[in-house]
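A short worksheet on the structure shown next.
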Amino acid sequence: MAHSLVREHGQLLNDLGSGTVKMNIVVNTKTGETDHSVLTELPPEEAFESFAARVRPFLMSKEPVYWALVLDALEALLSEETLAELVDIEGLRAHWSNVVEGSQVAHAYYVVTDKGKLTDIQLANLWLNSDALHTQIIQSEVGKSLSLNQRYQAAASVYARIGACANNTLYLISHLVNEGLLELDPSVFTAPVTADTHVEIPGKVKIYSAEVGAELPADLSNLDPEVWKPIHEDIELLTGAEDAEES
């Protein structure tokens, strides 16, 4: 998956997806007192918002990359022999379904308060819809009683698992294509999915300047030289002399 979090924090995402946590247990052998703590490391939230936004279309039935539609297409394109001997399409469906469908059953844990309880999936949805991609007001009392940190912790684990599903499905499709068992347009693997941060207008460019308020020309091949100057001839603009005089 072409995302900076996968490249730079791949192991962290794997740990989140598998539910790995660190436990610190301290026992005072003299007094018998104990101290237990659980630590979960999370990726930077802003970067994870981007990750969740990239993963979200796989969960939306109206999107062409909705997970069930992808698996339907994969099943239709593969031969009966490949499906029988290599690709367990029903097992793949079951795995996706377990990860993405339903919110009443927890992936890993429930949070229980005196206001009620929520699954980690419900908490993740609150983060997505109230903190990250949307600004919906949290309505439930139990939801209001839980913090942003608790919502984000749940979301990080839930969406890491969904991302792992998407990544593993991509690996499977890539393997099938490489083995000649599946034919796809090569552009699906080469089309850009992230924009460049350095953009230069292609071809030969000419730059002109004019006074603020000048009427835009209708014919670029016949500019009025009294109004439009080649940028290299506009000394005041290039040196900032006019701005300096005004200040």
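Structure notes:
- Test: residue in the range 123-130 that is closer than 19 Å to Gly17 by Cα, aromatic (Phe, Trp, Tyr) and either in contact (Cβ under 8 Å) with a residue 40 or more places away in the chain or touching a Leu at 6+ places or on another chain (Cβ under 6 Å) (or both): no
- Within the range 78-92, being farther than 14 Å from Leu176 by Cα and surrounded by 14 or more Cβ atoms within 10 Å (Cβ to Cβ) holds for one residue alone: Leu92.
- Lone qualifier among Leu223, Leu237, Leu170 - being of a type in the set (A, V, I, L, M, F, W, C), within 23 Å of the chain's Cα centre (by Cα), surrounded by 10 or more Cβ atoms within 10 Å (Cβ to Cβ) and outside any strand (DSSP E or B): Leu170
- In summary, helices (runs of 4 or more DSSP H) completely within the range 32-141 and bearing 3 or more residues that are more than 29 Å from Ile173 (Cβ to Cβ) occur at 120-126.
- Residue in the range 149-163 that is part of a loop (DSSP other than H, G, I, E, B) and of a type outside the set (Phe, Trp, Tyr) present: no
- As a summary of the residue check, Arg161 satisfies the conditions (1) in contact with a His (Cβ under 8 Å, 6 or more places away or on another chain); (2) closer than 30 Å to Gln11 by Cα; (3) at pLDDT below 90 except for the one numbered (3).
- Among the residues of the range 173-197, the ones that are more than 30 Å from Leu42 (Cα to Cα) and part of a loop (DSSP other than H, G, I, E, B) come to 9 in all.
The values are calculated or read from the model by the stated rules, or taken from the named source; none is laboratory data. Fair warning: this is a prediction, and the values are worked out from it, not measured in the lab. Here Cβ is always computed from backbone atoms with ideal geometry, including for glycine, and neighbour counts include all displayed protein chains.
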